[in-house]
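One structure is given here, and the rest of the page talks about it.
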Amino acid sequence: MADTLTDKTSARTWRAPRLTLRRREAIEAWLFVSPTVAGFLLFFLGPLVAVVYFSLTEWNLLTQEATFVGVKNYVDALSQNPDFWHVLRNSFVFAIGLVPLNMSLALTLALALSRPFRGVVFFRTVFFAPVVTSAVAWAIVWRFLLQGEGGAVNQLLAIVGIGGPNWLREPDWAMVAVIVTRVIKMVGLNMILYIAALQAIPRDYEAAARLEGASNWQIFRMVIWPLLAPTTLVIFVITMIGSFKVFDHIYLMTGGGPENGTLVLAFYIYEQGFKFFNVGYASALAMIMFVIVLVLTVIQMTLRRKDMR
Amino acid sequence: MNLRRKILAASTILSLAAMSAPVLAEELRFTVWTGGEAHLRMLNEIAESFKVTHPDVTVRFETIPAADYTQKLTFQLAGGNPPDLGWMMEDAAPTFAAAGVLMDLGPTLREAEGYDFADYSQPALGLWTDGEAVYGVPFSTSPFMIFYNKTLFDEAGLEDPLQLAASGKWNMDTFQEVARTIKEKTGKWGFEFKDGQGYESRIMHALMPPIRAYGGDVWANGECGFDKPEAVQAVQQLHDMVFKDKSIVPPGEQGDYFSGSSAMTMNQISRASKMPEAGFEWGIAPLPSGPAGESPVIGQAAIVVFERGEQKELAAEFVAHMTNKENVAKMAQFFPPARKSVLESEAFTSANAIIPPEQMAHVSDAIEKGKVLPSHEKSPQILAAMAPRVDALWKADADVKQALDGVCAAIEPLL
Amino acid sequence: MTLTTRHTRLVSHVCLIIALSVVAVPFVFPFLWMVSSGFKSATEIFGQPSLIPRVWRWQNYLELFEYQPFARQYFNSIYIALAVTGLTLVISSLAGYALARMRFAGAGLLMLFLLSALMVPEEVTIIPNFFLIRSMGLMDTHAPLILLPVFGSHGVMATFLMRQYFLAIPKELEEAGRMDGLSRLGIWWRIALPMSRPALAAVSIITFLFSWNLFLEPLVFISSLEKFTLPLALSNFTDSYGLPLWHLQLAATSLAVVPILIVYLIAQRQIIESFALSGVKG
């Protein structure tokens, strides 16, 4: 900080006459963003460029020997390795299952909890509590609760006469289980964001619509939902990216099993890079992941922009 | 090497001088996966006795929990922060040896005074040697044994496995029979796979012993053995026990042997340290024999020195000290030895404080006749490729032959 | 008339409470189960399920400290999370302020670049970062656990949150500050920051939780037990054979979760308000 100050004053005394106001502002601005930019270059852009390069090599983490192989890793992933498509499918299933469930639950809870009533604080607290809980703790506990016959979830279901499946041992149910437990863990954050947005909507809008005889649903559809659009976009992007990078939850709940039913991209990259030592292949996968997330975000943003017009 | 440098330079915008971790010149860092007090006390005693010849050398034992051991070790090696020496499990050995990160201990051991390298049983060294090169010295060559709950066997009115073994009737058929009877008469599980993890992290430990008893193998000479008739028969029997007899703890359930929920399990004798607190009468017996006769299965762990350590010569000397006759005899109270002289001595069978000598005799016997668990340079990949196919096997309606064909299809390209 | 409206209102209130209570079960039950299991023996956890332990094993809470340096690991997590939060606040509010209030060539491009960082999961860059950290000699230190979140996608998100909030501050206030002869840095420190308490609070909370929960980075960069952070330590309660020591693990998990929950309960009104006021809307 002291450096920034002296830099700036010396710049001022030295060359002040020559500097236009605009130029000085630009220099100051770059000083303000310099820590962010430096960190960005060092820990983000540099590594990202490196990933591109790594992805063109065959590189063993343990022997530390690298050979340039061109696009072989990409070809392997896309056309040779059946696991890749399976993993990609899992990642999409996870995202497609998680994002709508999370967002609709978050919105429903926010609508119920945005206005004060007796008990509102209690419920807001309850639904936000898993967010502040460590993901590791969450996964550890749920792994217990979701055991076959002895698990608490199935014992509760048995009370209402439902024979629950062996959650974490059936590929499809395991996917359902990791999605639902993840939603319970994270929905509180989106709920709070929606509550904040709802509270920012002036009451007059709703009152005016009500005067015109609009039903609750119409008010929601015509007034509230459009006004929530910017929040919805942000929540969507954050939740979607979050669902693609889910690692700890999978690592601890299922380890990618059973039958690779919950093996998602982020976990697969870790496994390839740090368990099988294929740094090159893992980097190619990472690039593919980057492109997917980028494309999805850009699509969503352009759609939204058109929508707004 | 050069390539790597370039890449690093590319990824590093600021060039920072690499600092090597400050290491005391005379301290050896030794990674182990035990945190047990008794184990560590013994290890420290051995380190202490090294001071007789190397007064300035201390050895620091660093515990890395077993579940993440190999992974963390990899990070330390790849991260440029290797320990000087460490324990290594048999399934990791070929991978690490092939990657050239293990030091050849052969010259040091053969020259060490009074070491008598030939005293080590050849089969026990198989995994750790390549021609003249020695990449590790096994400190634990521990056969898998049947642990049984005598109280439950009495309750069901059955002869226990040790008695059955004595009368030559302890085979795969009687194994299935007693497990079923236990389930029927006591309501407890007949058998639990090793540590209850036979469907997840201990697939090999669950499948290997019966397959060998039937005369099969999981792989050999680059060929998959899971789809051979012997293996199919063996796995079919396990499958029947899980889903027809319901005598083996099924996937997703808990039936902990050590807390009395299962009448039998399979484990190594180091696990006996858990028994005194178990609260029931117990014993150990050999694995049931099969159509191919007795075929004990052995799990191994060895001491290795890392090639990139800065004091590898000194570390190698410590290995020579730690695995000399005297210290191997000392370690035999916990870890079954691979030195013939110790194995055949009275000291070994009577050294174990928890297991009576006549049961220990079965352990020595198994070490002599047994074969080490299969391993492979690509073990991590093979296990990962197997796991989903084996998951498919453990379903009530699975076709065993088909599932095992699937296992072979998955691992064959890697073998 | 009034009686019936009051009546329907009461009924709908009760219905709402009941519906919310049902939904709340999977949010609350894991906590109850976790805390109660932390007092059980390993055997009882697998026995007949019951929320009240048959035998209260208080010694779980002593044994877990003997098993690994848990207090030290707890401290690591706290101090790392605080360091990450403090650094993030300073760096992201500086950059956020410049992006919101100052005109400079390249600002648009910079925004675009930073935005792209928001979209890249840590998994993508973890391998090159592994080599980078190694070449800096920082393996098995806490430095990567502080640097990567501060400068990674999370730091970028914080920058955006701050920028959005600064945009909403009336410009007139800053003009007044400039008249008084404050430099840019002075305006940032004396005017912009004090006015952005809700945003700073929201960023602090998100950042603290992000660091507190970090799992992949410690898994990859830390190998010494005494340098572990809580998430690693929790998954590390295993016996010498790699088997989980469930009772200790659950007791430790309770210890890791409950204090944070209590802080949250005490501060929850402020937390939710700061989110509402900060307009974390992007």
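The values are calculated or read from the model by the stated rules, or taken from the named source; none is laboratory data. Everything numeric here is computed off the predicted structure, so don't read it as measured data. Cβ: placed from backbone, ideal geometry, glycine included. Neighbour counts: every protein chain shown.
Within segment A:34-62, residues that are over 29 Å from B:Leu73 (Cβ atoms) and modelled with pLDDT of 90 or more reach no partner that is of a type in the set (D, E, K, R) and crowded, with 18+ Cβ neighbours inside 10 Å with beta carbons closer than 8 Å at six or more positions or on different chains. Of all residues in segment C:104-122, those that are within 7 Å of another protein chain (Cβ to nearest Cβ) have Cβ atoms under 8 Å from Cβ atoms of residues that are part of a loop (DSSP other than H, G, I, E, B), 6 or more apart or on another chain, in C:Ala117/C:Gly152; C:Pro121/A:Lys245; C:Glu122/A:Lys245; C:Glu122/C:Gly152. The residues of segment A:247-263 that are within 10 Å of chain C (Cβ to nearest Cβ) and of a type in the set (A, V, I, L, M) amount to a single one, A:Leu252. Just so you know, in segment C:78-136 the residues that are within 30 Å of C:Ala233 (Cα to Cα) and charged (D, E, K, R) include one that is surrounded by the most Cβ atoms within 10 Å (Cβ to Cβ), and it is C:Glu123.
When we screen B:Phe348, B:Phe334, B:Phe318 for residues that are of a type in the set (Phe, Trp, Tyr) and modelled with pLDDT of 90 or more, the only hit is B:Phe318. For the subset of segment A:47-77 comprising residues that are more than 8 Å from every other protein chain (Cβ to nearest Cβ) and among the polar types (S, T, N, Q), which member is surrounded by the most Cβ atoms within 10 Å (Cβ to Cβ)? Going through the qualifying residues, I end up with A:Asn73. Scanning segment A:270-284 for residues that are touching a Pro at 6+ places or on another chain (Cβ under 9 Å) and farther than 16 Å from A:Leu56 by Cβ yields A:Glu271, A:Lys275, A:Phe276, A:Phe277.
One line per residue, one yes/no per condition, for (1) more than 23 Å from the chain's Cα centre (by Cα); (2) hydroxyl-bearing (Ser, Thr, Tyr); (3) within 12 Å of another protein chain (Cβ to nearest Cβ):
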{"residue": "B:Val57", "(1), (2), (3)": "yes, no, no"}
{"residue": "B:Ile64", "(1), (2), (3)": "no, no, yes"}
{"residue": "B:Asp84", "(1), (2), (3)": "no, no, no"}
{"residue": "B:Met88", "(1), (2), (3)": "no, no, no"}
{"residue": "B:Gly100", "(1), (2), (3)": "no, no, yes"}
{"residue": "B:Tyr120", "(1), (2), (3)": "no, yes, no"}
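Note on segment B:312-336: residues that are touching a strand residue (DSSP E or B) at 6+ places or on another chain (Cβ under 7 Å) and not hydrophobic (A, V, I, L, M, F, W, C) amount to 4.
Can we say C:Ala233 is within 30 Å of B:Ser273 (Cα to Cα), under 21 Å from the mean Cα position of the chain (by Cα) and not aromatic (Phe, Trp, Tyr)? Against the criterion (within 30 Å of B:Ser273 (Cα to Cα), under 21 Å from the mean Cα position of the chain (by Cα) and not aromatic (Phe, Trp, Tyr)), C:Ala233 qualifies. On inspection, A:Leu111 passes the criterion of being out of contact with any helix residue (DSSP H, G or I) (no Cβ under 6 Å at 6 or more places or on another chain) and under 22 Å from A:Ala197 (Cβ atoms).
So which of A:Ala139, A:Ala200, A:Ala174 ends up being in contact with a His (Cβ under 8 Å, 6 or more places away or on another chain) and either surrounded by fewer than 21 Cβ atoms within 10 Å (Cβ to Cβ) or small (Gly, Ala, Ser) (or both)?
Working: A:Ala200 fails: in contact with a His (Cβ under 8 Å, 6 or more places away or on another chain); A:Ala174 fails: in contact with a His (Cβ under 8 Å, 6 or more places away or on another chain).
Result: A:Ala139 is the single residue among A:Ala139, A:Ala200, A:Ala174 that is in contact with a His (Cβ under 8 Å, 6 or more places away or on another chain) and either surrounded by fewer than 21 Cβ atoms within 10 Å (Cβ to Cβ) or small (Gly, Ala, Ser) (or both).
Filter segment A:23-46 down to residues that are of a type in the set (D, E, K, R) and facing chain C (nearest Cβ under 7 Å) and give me whichever is nearest to C:Trp189 (Cα to Cα). Restricting to residues being of a type in the set (D, E, K, R) and facing chain C (nearest Cβ under 7 Å), the top hit is A:Glu28. Among the residues of segment A:264-309 satisfying the criterion of being surrounded by fewer than 23 Cβ atoms within 10 Å (Cβ to Cβ), out of contact with any strand residue (DSSP E or B) (no Cβ under 7 Å at 6 or more places or on another chain) and part of a loop (DSSP other than H, G, I, E, B), which is farthest from the other protein chains (Cβ to nearest Cβ)? The qualifying residue farthest from the other protein chains (Cβ to nearest Cβ) is A:Arg309. Would you be able to say whether some residue in segment C:223-236 is at pLDDT 85 or above, over 27 Å from C:Pro144 (Cα atoms) and not charged (D, E, K, R)? Looking for residues that are at pLDDT 85 or above, over 27 Å from C:Pro144 (Cα atoms) and not charged (D, E, K, R), one finds none in segment C:223-236, hence no.
Residues that are at the interface with chain B (Cβ under 9 Å from one of its Cβ atoms) and within 25 Å of the chain's Cα centre (by Cα) within segment A:147-172 comprise A:Trp167, A:Leu168, A:Pro171, listed in sequence order.
Screening the candidates B:Ala403, B:Ala366 for the property of being more than 23 Å from the chain's Cα centre (by Cα), on the phi < 0 side of the Ramachandran plot and not in a loop (DSSP other than H, G, I, E, B) yields one hit, B:Ala403. Each residue in segment C:137-168 was checked for being more than 7 Å from every other protein chain (Cβ to nearest Cβ), β-branched (Val, Ile, Thr) and buried (at least 23 other Cβ atoms within 10 Å of the Cβ), and 1 pass.
Of the candidates B:Ala285, B:Ala332, the single residue that is more than 30 Å from A:Asn166 (Cα to Cα), in contact with a Leu (Cβ under 9 Å, 6 or more places away or on another chain), of a type in the set (A, V, I, L, M, F, W, C) and surrounded by 21 or more Cβ atoms within 10 Å (Cβ to Cβ) is B:Ala332.
A:Met175 fulfils the conditions (1) more than 22 Å from the chain's Cα centre (by Cα); (2) more than 12 Å from chain C (Cβ to nearest Cβ) except for a single criterion, (1). Summed over segment B:107-120, residues that are within 13 Å of B:Thr323 (Cβ to Cβ) and small (Gly, Ala, Ser) total 2.
Counting only helices (runs of 4 or more DSSP H) that sit completely within segment C:1-67, those holding 3 or more residues that are of a type in the set (S, T, N, Q) correspond to C:2-37.
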